Number of protein chains: 2
Amino acid sequence: MRVILFVLALCLVAATAVRAADPLPSWNETAPKKSIIAFVQRVTKEGSPEFVPAAERIAVFDNDGTLWSEQPMYFQLFFAIDRVKTLAPMHPEWKDKQPFKAVLEDDLKTVLAGGEHALLDIVMATHAGNTTDEFSQTVKEWLATAKHPKTGRPFTDMVYQPMLELLAYLRANDFKTYIVSGGGIEFMRPWSESVYGIPPEQVIGSSIKTKLEIRDGTPVLVRLPEINFIDDKAGKPVGINQHIGRRPIAAFGNSDGDHQMLQWTTAGSGARFALLVHHTDAEREWAYDRSSSIGRLDKALDEAQEKGWTVIDMKRDWKLIFPFEKNN
Amino acid sequence: MRVILFVLALCLVAATAVRAADPLPSWNETAPKKSIIAFVQRVTKEGSPEFVPAAERIAVFDNDGTLWSEQPMYFQLFFAIDRVKTLAPMHPEWKDKQPFKAVLEDDLKTVLAGGEHALLDIVMATHAGNTTDEFSQTVKEWLATAKHPKTGRPFTDMVYQPMLELLAYLRANDFKTYIVSGGGIEFMRPWSESVYGIPPEQVIGSSIKTKLEIRDGTPVLVRLPEINFIDDKAGKPVGINQHIGRRPIAAFGNSDGDHQMLQWTTAGSGARFALLVHHTDAEREWAYDRSSSIGRLDKALDEAQEKGWTVIDMKRDWKLIFPFEKNN
């Protein structure tokens, strides 16, 4: 009897250990989880023909729609709109000037109808003119109080729990994890380390120009209302090369904006991994793909099917979407 | 007697251990070595008021004249000149066109008299038009055979042994070491890891634009004859912010081109370290400063004296200059 109890106890301990050792507990036991783990095992097994030295284990992640949500619009746009409202008293002319007039009247339809040009006006008016240190502080203060219109949660709560686990799993296997986003590099850096464990030097994004100035005897970097780099589509491989100087072996995205990044990554020799997050869960998150104006996933989805890239079906493959669901 | 021998042996072992533990054996026991070690101890001692978490221990190094020599001219210029000669058969027009004519006639005086414009023509003709992978290969092949005109040694032999020790010492204390150079980022990356232990993603430099193209169904990055960024003088803090996104706590340079980098680094709060390499050794290396056209050190030297930055007197402070002296 005591022997049987002992064996049972051992089994329990073993089962617990197996559960505890699961690096991706919020992932269902479907194809994507298996393909991720198989890839990591292939490139980390010394002596295997597909072994990759730790220094070359570079993994790149899009941010909007891949690491956190991007609906009903990119979160950085909520920031820009809030900044227009905050700065409006210093700009009385905005009351009669588009696209600012529409922003102040909460008329998002008119703002978005203004297209890229309107958005650029808003970004320049709200992201430039300050120093890099001031801008970083403004982003942090905004994130501390702003709430997502649908969930009522801070925006940094709306990151994907399965992707947080994936980032940690890759780093535990000596991968260096990078963000490669169309969003603003200086908008992401103030919180990427605390939220994703990704330090500022591993964040690549779009940027405006900066200029060194001496103010009160102290050097500061002033943000200029002039585009420096757009880190989207064909810009992503350019940004990766500029910042990292070597080709990633794994790339994670969710839209056609990530298409060239996945092509660039998989065109290298040796083992490569490409993954797309397909937003299929209208209940727990959002469902959109080929016809969405935000995060459109069309051509990249076709190529994923053709090339056998891993596609995450959020509804099918993820047990949890957001970390806060754990407490529900 | 046996006791005395035993004690003597113990002393020998202890002396060897002390020598082995010296992280900077090629440095004389003068002020710079002491100030470096004191700084590292201050920022790494947990609980000390000047403690800096490992993630924020960023150290930036200029390359030309700080990590390797830069006389009689920047080594990248030797590369460019050799490339002009190699490519000349494909450019018969160069025989009659300056500055190429002067290069082909080994008339460096005329080349340099052409100033920045002539150098830019040479750089664009020799650094652009290929893919990033091709350029990297070209640099590696050149370094494998090219020799310095004075020492007859490969250029990568002409790195400073004391600085190699300093890089290793900082990394052993969890610093992240970066190159921040006016030289070409893609010229340094192919060899920075093997020579300095600095991976490509920690190299910042000047760059030309690149563009994603599909060639034979494969994406490649093509190097365009157009300046993207000049990482010199006031550009260095801009480059540091763009790539690292946080302020270094230690900066190492040798010329006025590094002046703003040292100012930017030391303007941060908490413990900061700034160091200049002063080329004072005409016998073992070169002696030059305020009036040199290459690596001019004038205003930064004044500020170093004013602010108490550490200045290395190569002749006085370094036991060895180059690694190959160890075998002489």
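The values are calculated or read from the model by the stated rules, or taken from the named source; none is laboratory data. This one's a predicted model, so the numbers in the text were calculated from it and none came from an experiment. Virtual Cβ from ideal backbone geometry, glycine too; neighbours counted across all protein chains shown. Calculation scope for accessible area: heavy atoms of the full protein, side chains included, ligands and nucleic acids excluded. Shrake-Rupley method; radii C 1.70, N 1.55, O 1.52, S 1.80 Å.
Brief remarks follow.
- Fraction of antiparallel bridges per DSSP, the protein assembly as shown only, in percent to nearest 5: 40 percent
- Relative to the longest principal axis of the Cα atoms of chain A, the long axis of helix A:132-145 lies at roughly 70 degrees.
- Cα→Cβ-extended label distance, 7 Å offset, between A:R284 and B:A88, nm: 6.8 nm
- At q = 0.07, 0.10, 0.12, 0.13 Å⁻¹, base-10 log of I(q)/I(0) for chain B (Debye sum, equal scatterers on each alpha carbon): -0.33, -0.64, -0.88, -1.02
- Folded to 0 to 90 degrees: helix A:2-21 orientation relative to chain A principal axis, Cα: 30 degrees
- Cα-based Rg and Dmax for segment B:213-252, where Dmax is the largest Cα-Cα distance (Å): 15.7, 46
- For chain A, relative contact order (Cα pairs under 8 Å, six or more residues apart, normalised by length) works out to 21 percent.
- 0 to 90° range, to nearest 10: angle between helix A:115-127 axis and chain A longest Cα axis: 80 degrees
- Bridging of B:K176 to aspartates and glutamates at a Cα separation below 15 Å is possible for A:E201, B:E56, B:D62, B:E165, B:E193, B:E201, once same-chain residues fewer than 8 apart are set aside.
- Computed from backbone phi with θ = phi - 60° and the Karplus coefficients 6.51, -1.76 and 1.60, the 3J(HN,Hα) list for segment A:232-245 is 9, 6, 5, x, 5, x, 4, x, 4, 5, 4, 8, 9, x Hz; x is used for glycine and proline.
- In segment B:180-221, burial by the other protein chains removes 20 Å² or more of accessible area from B:E186, B:R189, B:E193, B:P200, B:E201, B:T210, B:L212, B:P219, B:L221, compared with the chain on its own (1.4 Å probe, ligands and nucleic acids ignored).
- Candidates A:R215, A:R171, A:R57: whichever shows maximal mean-square fluctuation once chain A is modelled as a Gaussian network with Cα springs under 10 Å: A:R215
- Segment A:139-231: mean projected area of Cα convex hull, nm²: 8.1 nm²
- Surface accessible to a 1.4 Å probe, per residue, for the residues of the protein assembly as shown, Å²: 45 Å²
- Size of electric dipole in chain B: Cβ of Lys, Arg +1 and of Asp, Glu -1, about Cα centre, debye, nearest 20: 760 debye
- The relative contact order of segment B:224-321 comes to 24 percent, based on Cα pairs under 8 Å that sit 6 or more residues apart.
- Note on segment A:43-182: Cα-Cα pairs beyond 25 Å make up 43% of the total pair count.
- Between A and B, accessible area buried - total, square angstrom, nearest 100, 1.4 angstrom probe: 2800 Å²
- Directionally averaged shadow of segment B:54-131, computed from the convex hull of its alpha-carbon atoms, nm²: 7.3 nm²
- Calculated P(r) tail over 15 Å for segment A:184-266, as whole % of Cα pairs: 66 percent
- GluC sites (Glu not before Pro) within segment B:38-82: DSSP coil, no more than 10 neighbouring Cβ in 10 Å: B:E46
- Inter-label distance for B:D302 and A:L164, nm, one decimal - labels placed 7 Å from Cα along Cα-to-Cβ: 5.4 nm
- Of A:V222, A:V180, A:V277, the residue with the greatest mean-square motion in the GNM of chain A, using alpha carbon springs below 10 Å, is A:V222.
- Accessible surface ranking for A:I294, A:I214, A:I321, 1.4 angstrom probe, highest first: A:I214, A:I294, A:I321.
- Each Lys and Arg contributes +1 and each Asp and Glu -1, all at the Cβ; summed about the Cα centre of segment A:73-219, the dipole is approximately 180 debye.
- Positive dipole terminus of chain A, leading residue within A:A102, A:T126, A:V159 (C-beta point charges): A:V159
- GNM flexibility winner over chain B from B:G114, B:G47, B:G129 (Cα, springs under 10 Å): B:G47
- Only Lys, Arg (+1) and Asp, Glu (-1) charged, at Cβ; the protein assembly as shown dipole about Cα centre in debye: 1460 debye
- For the residue pairs A:K45/A:K326; A:K209/B:K140; B:K147/B:K326; B:K209/B:K233; A:K85/A:K233, the C-alpha atoms sit more than 23 angstrom apart in A:K45/A:K326; A:K209/B:K140; A:K85/A:K233.
- Förster radius 30 Å - calculated FRET efficiency between B:I214 and A:I37 (Cβ-Cβ, nearest 0.05): 0.40
- All other residues whose Cβ lies under 10 angstrom from that of B:H279 are scored, Lys and Arg at +1 and Asp and Glu at -1, for a net of -4.
- Counting charges near A:N28 (Lys, Arg +1; Asp, Glu -1) among other residues having Cβ under 9 Å from its Cβ returns a value of +1.
- Listed residues B:V238, B:L170, B:V195: farthest to the positive end of the dipole of segment B:162-273 (Cβ charges): B:V238
- Candidates B:T30, B:Y74, B:P49 compared by Cα position along the dipole of chain B: farthest toward the positive end lies B:P49, with charges placed on Cβ.
- Electrostatic bookkeeping for A:A251 treats Lys and Arg as +1 and Asp and Glu as -1; over the other residues with beta carbon under 12 Å from its beta carbon, the sum is +1.
- Heavy-atom accessible surface of the protein assembly as shown: percent carbon and sulfur, 1.4 Å: 55 percent
- Segment B:117-241, relative contact order in percent, only Cα pairs under 8 angstrom and at least six apart counted: 27 percent
- At 0.692 mPa s and 37 °C, Stokes diffusion of segment A:93-248 via Kirkwood alpha-carbon radius, µm² per second: 185 µm²/s
- Length, then width, then depth: along the principal axes, the Cα atoms of segment A:217-328 run 56, 41, 28 Å.
- Hydrodynamic radius (Kirkwood) for segment A:138-191, which is based on Cα pairs only, to one decimal in Å: 13.0 Å
- Cα-based convex hull volume of the protein assembly as shown per residue, rounded to whole Å³: 243 Å³
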